[in-house]
Structure formats: C-alpha cells, structure tokens
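The values are calculated or read from the model by the stated rules, or taken from the named source; none is laboratory data. As the structure is a prediction and not an experimental result, all values here were calculated from the model. Every residue, glycine among them, receives a Cβ derived from its backbone with ideal geometry; neighbour counts consider all protein chains shown. SASA here: full protein model, heavy atoms, side chains in, ligands and nucleic acids out. Shrake-Rupley method; radii C 1.70, N 1.55, O 1.52, S 1.80 Å.
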Amino acid sequence: MRTTTIGLARLALRNIAFRPARSILVATASVLGAALVVATAGVQTSMVGSLERLDEVAGIADIQVVSTSDAGMPFDVVSDLVRVEGVTAVAPVIRSVGAANGTRVLILGADERLAAFAAADSISADTAAAAAALLSAPRQDGVVPVVVGQRLARKLGIGPTDELTVAGGSARTTARVAATVDVEINAGNVVIGLLDEAAQLAGSPGRSDEILVQTDDGTDESDMVAAVESAVAHRGIVTTSGLQVQSVQTIIATFVSTFGLVALMGLALGGFVVHQTVRRVAVERRREMATLRAIGGEPGPLVATLVFELTAISAVGAAVGSIVGLALGARVVDAVPFAIEAALGAEITFVPPTAAIVGGFVLATGTAVAASWRSARAAARVSPTDAMRPADVHHDDQGASFRPVLLLAAVVTVGLGVAITVSIPPPNRNAGMILVVGGTLMAIRALLAQITTVAAAVASRFGAAGPVAAEAITRAPDRIFTTTASIAIAVGLMGGFLAGIENTQRAARDNVEALSDIDLLLATAPPNEIPIDFVLADSVADEIAAHPAVDSVEQGHFAATLVDGKRVVIEAIEGDSPPVRQSDPAVRDALLAGEGVVVSRQFDVSVGATVGEPLRLITPTGVHEPIVLDVAPITGFPGGSLYLSTSLFEEWYERDGFSFLGIRLVSGADVASAQGDISAMVEDPALPIHLISGDEQADASEQVVLDSMSLVLGVTWLLLAGAALVTLNTFVLLVLQRRRELGVLRAIGASPGHVRTMVIAEVAGTVAGGAIAGLPFGALLSYLTGFVVGGALGFDVPFRVQPAVAVLSVLAAVAVAVAGSIVPARRAARVPVVEAIGYE
Amino acid sequence: MTDTATTTVLEGHALTKTYGEGAGEVRALVSVDVAIERGEFVAIGGPSGSGKSTLLHLLGGLDEPTTGTVVVDGVDLASLDPAGRAEIRRRRLGFVFQFFNLLPALSAWENVAVPRLLDGVPLKDTKAAAVALLDRVGLGGRGDHRPSELSGGQLQRVAVARALIADPVLILADEPTGNLDQASGAEVMALLRTEAADQRRTLVMVTHDDGIAGEADRVLHLVDGQLT
C-alpha cells in the first residue's frame, strides 16, 4: 500500500505539472489565506515586539515600580525601598517622552545603581564606550552631556560635541552630545543621560519614572510585591514584568482586531474558494478516478493521491502567501498612524511573526486538506462503471431543491453570528462575523433552486443563445452554487466593507464636529497627537488672554497615567470645552463641578468602569476614588480617556501650566491676524507648538480616525482584489472544464459568437443570482462592520444604506465575472471543433 | 487450475440486477447464467438497453449483482470485500473501454504501466515491459507520446496494452471499436484476438457490430435483460 501511495503521489505531481493553469488557480486561494494570516500576525508581533524592547531594560528586574503619571516619583521612594527586607538592589530610571530640537525622543537616564541589573557580558563595547564618554564629559555652563541614538543623530545631523535643545515637561535644557550609540529601543530615537541630568532633561528634577527592584533569591514573589507596595505607599504602581505590553494591550487588541476583521473575512473567503476550487477539480477528475478504480485501483490510495496533489499545490500557494504576507505586514507596520505609535509610546518597527508564518502555512494548507478530503473521497468512491460512460456524462450531484432544514440552520447561524457581534464587548466582536459568512453560504445553498430560477430567467433574455444558457444554468446547480456564492461574497464584501467604512467616516466627523466651535487651539503637539508630554506656563495663557482680539481662553490638561495597570489619558477640561458634549448637560455640569469623572467607551473596554461606581486613581497626591458619571461615546485615546475638571486635576496631579488652550475670539475679530500675533507670542524652537483653528483640529481629529481606517481600507481593497481574483479563477476554471461542451455546441452548429453570447448570458444570470444573495449579505455586513469598527473606536456608527456602493459592487462583480468568462470562452470558441470534442 | 484445457474461468449464476425501487424499479438483468471457458472469445450482443454493459460490469466485478454470484478464475466475487475485488481486477482482468480512458498527464508507456503502479510497482520498474507491449501492439517508438498526440486507433492500442500488462486470464472489452473508424476497428480487433489466442486468454466483448460478433466463438444475445 505504501509503495502504491508513493507511486500515485508521483503521479499527482505529474498532474500538477500537466495542468499548470489549474494548479495556479488552486494555489491562488491559499496565497490569499496565508498572506492575510501572516500579515495580521506580523502587525501584532511588531507592536508587541517593539514594546517588549522598551521592557528589556527592566527585563532582569524582579519587581518594577512605575510612576502613577508623567509627573514621576520622588527619589525618596528609592531610599524607602532600599530598607525593605529581601530587597538586594534598587535602581531609579528615567524613561520619559521629550523633544530634541523639536523631534520626539525617548529620554532615558540611570546611574551606577543600574549596573546591578545588567550582567557584565551583556554590555557591548559600544555601549560601554558611550557610558564612559558620558561619565567623563565636562559639566560646564549648565550644558548637560548626553548620549544619543545613532538614528536620531543622523536624523538631526548632529554628532559628538554638537549641542541640542531638549524639551521635557515644561523644561528646556541645552545638551551636548558626548557620544552616539547604536540601540534598538524606540528605533534609536533616544537621548540618554545620567540619572539627575536626565530627570532635568525630562522636566521632572528629583523624580524618576521607574524604579527597578532586585530581590533575594529565597524570597516569595507575592510577599515581596506586598512589601514593596507598602513601602511605595501609592506613590507608584508596583508590577512584576512586561508592563509596557500589559499597559497597552487593549490598544494593540483594538488595532489588530480591526485589521483582523478584514483578515478573517479573507480567511473565510480563501477557505470557501479553496473548497469550491478543489471540489470542481475533483469533479473534473471523476472519470479518471473511475478508470483507475475499474483497472484495480483502491479508493484509499486514490483519495490520498488526489488530496496529496491538491495539498501540494496549496502548500506552494501558502508558502508564496507567507512571503506576500510578510511584505504586506511590513507595509502595514510602516503605515501605522503616528497617533497609534504615540498611544503605544513606542515607534513600531516590523518584527517577522515566525510562529504565524508556520501557522499561516499550516492553516492554509490544512484548509486545502480538509476541503480536498471530502471531495476526493467522493471522487474516488465513484463507481468504476462510470469509466464505461462517455466522457461528457457525469453527475452534477447536488440537487437544486429547496432545503428548509438547511435554510433554518442558515438563519440560526447568521442570527448567532449577529448576536455574538453585537453582544460581546469590543475588541473581539469580529468573532461572530465568520458565522455570518458561513450562514450566508448555507442560505445560498438552501435557496439555490430559487436563485437558479432567477439566474436562468435573466440568461434566457439573451437572444437565440439565451435559452441554451438558461438550460445550462438549470441543469448544473452545483456549478451555479459555486459561481453565485462567489459573486455573492464578492458583492457582499465590497458593498459591506465600503458602506461600513463610509458610515464610520461620517460618524467620526459627527463625533469631532464640536471642536469646530473653538476659534483657535494652542497645543504642544501636532493636531493629530495628544499633547501629553509638554506643558506651557500659565503666564502664556494669561498673555494670550490679554490680547485685544481674544474674548476668553480655556486651559486644558492632558496626562498619561496608569489606571489598573492600563495606559490611559486624562483630559482635564473647564468652561465650554468641546469634550463630553455627548453626555447629558447635567453630567457635564457635575464633571465641571468636580463631582466625578467621565470616561470614554475605550476606557471601559480597557480598564472597566460602571456609572455611579467609584474609580480608583493613584495620583501623586495619593489615592482618589471619583464617581464615574458617564461612559461616553467619545473619540479619544485608543487605550481610553478619562475626563475630569481642570481644578480637580491640578489639585490631584500637582500640575501647573497647561498642555492645551482653547481660544475664543471677540466677535468680528480678524482670525488670521490674531493667529499670527499669538503664534509670535508662543514661539519656541525646542517644542512642536501648534496653533490652529477649531475646524483644522476637527479635520485632524477626524483624520486620525481615518488614518486608522485607512489601514483597514487598504487591506479591504486587497481583500476585494483577492475576491475578484478568486471569482475570476472560478469562472476561468468552469469555462476550461466546459471546453468539450462548448466544442460540442460548435460541432452541432453554434457559431463562435453564439458560444460567446451564451457564456455572457450565463454570466449575467449568475451575477443576477449572486447579487440577489450578495446585497442583503452586504447590508448586514455593513451594519456589523460599523458595529465592530465603532466598538473598537469607541463611538456609535449609525447604519445608513449606501445605494451607490451597492450599484458599484454589482458592477464590479459583473466586470470580474465577464473578464473571467469571456477570455477563456473566446479561446474555447476559437479552438478547432475536432480538438475540442476529442476524448482525451 | 488455469492449466486445465477446458477450465471455466468466468461464471455467472442467476445474475439479476435491479435499479430503483417500487414503481421506478428497472430490471436490467433477469436471472442470467453464463459460463465461459479459458481461451474462449465470447461476444455479448443485443439491442440498446438490453443489459449488455450491465452484464459485463457484473462479470468484471465493477458492480455487484442484486442477486446471483460471479466466479472469476475460481474466486467467488461475493466472498471478497471491495479491496479484494479491486485486486482481482488489477491482477486477473484486463479492461478495454470504448472511450480509451487513458490518463492525459502520462505518456503512452506510462499509461500501460499504471495497473502495475496500482500494485505498488514504480512506473520506471515497469517501463521495459510496457515498451515491449507497445511494440507488440504496433506502437514501437510511440511510448513517449502523450494521449493528445495519438490517433483514436493508437489510443485504443495503448488501452489494449494496458489491459495486457498484468498478464490477465480474462480481457473484458466494452465496444472497443465503437469509437473507431472501420480500418482502425479491424486492427484493434485483430490485435485483441491475437493477444487472446496466443496466450489462451479469454476475451469477453460487448458489441453492436454483427461482423465482430460473427468472429466470436459464441454470442450471448440479450433482450430485455434475459439471454435468448
């Protein structure tokens, strides 16, 4: 048996080479499936990998204490920790976002105490030389010596002995480059100084952002965490490891799930196409199987041969798909919006997803094995008497009768998919979408008789060739299922995603529209970023308020903090600031009066919040437990935003100054002139200060959402291209398989034009049938896409019917189907009749 | 057993084949008894729908009778599982089909070697025998041609060579000349008769052609599923 199987496997390989066009068609589906898996995983591993690099410095610490906010922790926490029994080493660390000559950088700082955490052999000669240069550099005239990452040095065009201005918090410090170093952290965009000097650069002298703690080997970890927590006394947050990744896991999950929604659809599409293509190939080989059975072949080895053949093709496709996926993933990572990088606190570089490459290969190939197994078994179990039948007699073994049980199962499956999508919390809502796709395919199968009737009616209208086409449709329900389902999925995906994205875009605009009410906005970050890293002095606000064209100013604060270990952003507001307008006026009044806080839906997803319940905030002034007044649909920080009154924020977080200023001008003021004056007042070469109109801010905020969506949109187009390609495949394959049938029609008097018209009529009928099934599917997909994407972005996406998108989807399907059919049909029509009807 | 001069190599006892049930029931064969001797050339004739092909299917183990038994070279097919029946077809029977049924991806000699491949013998190990057989059927030098490069008569010669590769005691042919022109048909018939006679193989052939039937040692004539 084994020898037979090996021999037949060789025969399978011969078949692959003998039918290269068909082999490529089968492989295409696997390319699509594997590419999307690898690309999705690549995006995820890149995000996690880039963040893990940030944790590397703390990797060998047993316990890590991090600041409750960007205000840092006082150094005296270190002396309290040293006294804890079981603690063997403590090292304070500066890790803060700042700007160097206006470019965003990571400011790192430590002193000799960090040496206890690094094995001597893990320090490169380059790093040691940089450290030595830093230590020996002269300190004079208040200029701080620093080591800068080589990438940053190249970007700024600076080298050793050059000076640069470093901005951190409200501080502006002149620094001098002592050395450059090749580091991977934050993609090399780092400024490194000694602890005290780095704290000065970060704008928080005397305070550290993190403290690394090493404990005695014999101590119990939970006991030590408790002892350290006691010593820290809420001045910081105690964690064991991997904080960077843990703190932003919701952001990663949200981003990846939105991207993954499209990838999942791609997988579903790829799986369906693999199944259908393999099935058609198996049907085509039925006679060959019958012959082998008749001359003594046993079903087992024959099944194995066909499965091997199709799996080998799919494996090649999956391997190619993995390479395509790597390229696609790298492209997506390159295009990650800066807002997402800023939210994560790290520059994202591509990290190849080793496990996913294997996983994508196995998944795509496994789908082919599963799909081919059943079809191959059916083909190999064909009666050997079929070998005696003429070549053109074969069974289309799927009846087209109405199947109420299957329809019921389809309705239940779709209903379950919808229920899962709308009921489970984001960002995992897309799990139900697969059921919706599966249920739709079941419904198409159940209603095949009705769809076939419509398709035949449409086809019959094409002149003299119409009735022939209608007959061909009616008598080949299995083929019609393959084609109509392909069209339905293509129409559904295109219509569903494009309409869903269009609806999301509108909803995003509605969400940020209130920003247009403000005449001018001053912030310490570009309009597409959250200004959490730098603070402007109160005097700047006073100066602006004194300008004759200014009616009033409203100060705002942004601060990054950890709530329950998750990275969120606090926004402090006052007066008539736009945020939280989505909430009830009474809620807003209570917020401004300091009676509680409002959180975004993304905060609820990330941290969890219940209206009316207190929320535990660890602040520099201790633990506070404000009441949650509302969970609002606000476009905010991807990891979650928390809104509270400016007065409360300044009190709890000991913050002076502001990071955001809303400026209202007096009625009739010249906006451009006022903008020019105010720009001159706040000019600071060390900081990226931005003064823009409310409309521009609204546009920029909308653009942040669109940037996130643009990745989804890009992958959607890729998916649609894939859908078009596989639909094209299906039609090409089917026409190739019918070459003999078309030849017979030619032989009995059909002209080449007649044959072409017949194929066009069949395509028209099939597209009509596919559109009938695809448009409701697309509408449902559109609704659910809005739900999934809106859930991930934190606001409601109202469902709107998009007729133009529906028409466009059907036209695109027509174009693909015609392209897939006409070319091979023209070729078939040109083949000499005798050759076309040849038996072998 | 096979050395005996007048051994019966193929027997069918009370063969009945029914398709469908109830009102839709079709009786393709009704209580047919046949016994065919070694070296005999038997033609199965009769009008369309009379059950000729059904009888050949049952005798060749391609299909199972509704009632009755088939004994091939002393082996009762009913006593075998599907794998056992496949082995009988592979090693003791040779089939020639009306529509040739060659595998398009394989060359002529490889098609001839396929039955041995199904028996676990790599194609290359059967090449010499396959090429020799092609020489014998008049296709020397055509061994590397694909089916698409051969004429109908040549295709059927390859099919005959394939039927002979396992040195079967029985050759079952279903209208082997039905798809050929007169000259090619005559050549194939001559080939089959020679190959059967030289090795004392039994040849059972379904045919519509009275001329061919006239060459047979015996004709089993079927009408409405019954021997007449």
### Message
Can you compute the modelled spin-label distance between A:H234 and A:V405, with each label point 7 Å from Cα toward Cβ, in nm?
### Response
6.5
### Task
For the range A:635-707 and the range B:169-228, write down the distance between their C-alpha centroids in whole Å.
97
### Task
Report Rg(Cα)/(2.2 N^0.38 Å) for the range A:448-536, keeping two decimals.
2.19
### Task
Would you rank A:H547, A:H754 by solvent-accessible area, highest first, keeping every protein chain in place and using a 1.4 Å probe?
A:H754, A:H547
### Per-pair calculated FRET efficiency, R0 = 30 Å: B:A128 and B:T7 via Cβ, rounded to 0.05
0.45
### Task
At 1.4 Å probe size, with no ligands or nucleic acids counted, give the accessible surface of A:I192 in Å², nearest ten.
40
### Task
Determine the per residue accessible area of chain B with all protein chains present and a 1.4 angstrom probe, expressed in square angstrom.
39
### Query
How far apart, in nm, are two points set 7 Å out from the Cα along the Cα-to-Cβ line at A:E654 and at A:D111?
1.9
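Using heavy-atom solvent-accessible surface (probe 1.4 Å) with all chains present, what is the largest-first order of B:S148, A:S96?
Details: B:S148 95, A:S96 20 Å².
So, going from the largest accessible area down, we get B:S148, A:S96.
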### Message
If I stretch the segment between A:A819 and A:A449 completely, what's the gain in nm (0.36 nm per residue apart, minus their alpha carbon distance), one decimal?
### Response
130.6 nm
### Percent RCO, i.e. relative contact order, over chain B, from Cα pairs under 8 Å lying at least 6 residues apart
29
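Quote the relative contact order of the range B:55-185 in percent (integer), defining contacts as alpha-carbon pairs under 8 Å separated by 6+ residues.
This gives 32 percent for the range B:55-185.
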### Task
Rounded to whole Hz and in sequence order, give me ³J(HN,Hα) for the range A:133-146 from the Karplus expression 6.51 cos²θ - 1.76 cosθ + 1.60, θ = phi - 60°, writing x for Gly and Pro.
5, 5, 5, 8, 5, x, 9, 8, 6, x, 8, 8, x, 9
### Message
Roughly how large is the B-A contact in terms of buried accessible area, totalled over both chains, probe 1.4 Å, nearest 100 Å²?
### Response
2900
### Query
Which residues of the range A:296-312 show a drop of at least 50 Å² in accessible area when all protein chains are present, compared with their chain alone (probe radius 1.4 Å, heavy atoms only, ligands and nucleic acids excluded)?
A:G296, A:E298
### Query
For the range B:92-164 and the range B:25-80, what is the separation of their C-alpha centers, rounded to whole Å?
26
### Under 29 Å from B:K52, Cα to Cα: lysines that are on another chain or at least 8 residues apart
B:K17
## Note on the structure
Helix B:127-136: inclination vs chain B longest Cα principal axis, degrees, rounded to 10, gives 80
#### Entry: DSSP-defined beta bridges in the protein assembly as shown - what % are antiparallel, rounded to 5
70
### Summary
The summed charge of the B:V219 Cβ neighbourhood (under 14 Å; Lys/Arg +1, Asp/Glu -1) stands at -3
### Residue-span extension gain [A:D707 to A:A335] - 0.36 nm each, minus C-alpha spacing
133.0 nm
## Note on the structure
Given a 1.4 Å probe, the accessible area of the range A:587-644 per residue, as a whole number of Å², is 33
### Additional length obtainable on full extension of the chain from A:S516 to A:A457, 0.36 nm per residue less Cα span
15.8 nm
#### Entry: Shielded residues, the range B:48-66 - accessible-area loss of 50 Å² or more between chain alone and all protein chains, probe 1.4 Å
B:L62
### Task
Using amide H atoms built 1.01 Å from N in the peptide plane, name the residues 5+ places from A:V628, or on other chains, whose amide H lies under 5 Å from its own.
A:V597, A:G612, A:E613, A:L615
### Query
So what is the 222 nm mean residue ellipticity for chain B from helices alone, if each DSSP H run of at least 4 adds -39500 (n - 2.57) and you divide by all residues, rounding to the nearest 500 deg cm²/dmol?
-10000 deg cm²/dmol
### Query
Label points 7 Å out from Cα along the Cβ direction at B:R218 and A:L811: separation in nm?
7.6
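Taking 41 Å as R0, compute the FRET efficiency from the Cβ-Cβ separation of A:A545 and A:R154 and round it to 0.05.
Working: r = 42 Å, r/R0 = 1.02.
Taking R0 as 41 Å, the efficiency between A:A545 and A:R154 is 0.45.
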### Query
Between A:Q505 and A:S679, what FRET efficiency follows from the Cβ-Cβ distance if R0 is 35 Å, with the result rounded to 0.05?
0.65
#### Entry: Residues with amide H under 5 Å from that of A:M73, placed H, sequence gap 5 or more
A:S208, A:D209
### Accessible carbon and sulfur surface of the protein assembly as shown relative to its total accessible area, %, 1.4 Å
56
